[in-house]
Amino acid sequence: NKEFVIEANKKMREEQRSNILYILNGKEILQDTLRKINPDDIKSIDVIKNAEGIKKYTKKKYDGVVVIYLKKDLK
């Protein structure tokens with residue numbers, strides 16, 4: 001869906017000012033990798049903003065964590 005991609009890109013530009021950790025299928029990824037994901041391949045997305053939730057993924061200081069699971073693993 002083109003509208004989703006446009007909104008996601010807009011949101012990512014806004015988040016570039018923030019310190020966000022991105023997790024894809026259990027692995028840390030760079031924001032550039034996130035841009036390459038086809039929205040149709042996404043199974044679920046969780047956004048974690050509280051300190052306790054962030055601690056489950058890292059001990060480093062982040063403003064939030066975005067956890068993405070795909071319908072299938074990338075090859």
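The values are calculated or read from the model by the stated rules, or taken from the named source; none is laboratory data. Keep in mind that what you see is a predicted model, and the values were worked out from it rather than measured. When we count neighbours, we look across all protein chains shown, and the Cβ atoms used for this are built from the backbone with ideal geometry, even at glycine.
Applying the selection to region 28-75, what residues are of a type in the set (Gly, Ala, Ser) and out of contact with any strand residue (DSSP E or B) (no Cβ under 9 Å at 6 or more places or on another chain)?
Ala51, the sole residue that qualifies.
Could you check Tyr57 against (1) modelled with pLDDT under 90; (2) surrounded by 12 or more Cβ atoms within 10 Å (Cβ to Cβ); (3) aromatic (Phe, Trp, Tyr) and say which number it fails? The single condition Tyr57 does not satisfy is (1). Tallying residues that are exposed (fewer than 11 other Cβ atoms within 10 Å of the Cβ) and over 22 Å from Glu3 (Cα atoms) within region 16-48 yields 5. Only residues that are among the polar types (S, T, N, Q) and either under 16 Å from Asp63 (Cα atoms) or part of a loop (DSSP other than H, G, I, E, B) (or both): list them for region 19-39, please. Residues satisfying the conditions are Asn19, Asn25, Gln31, Asn38.
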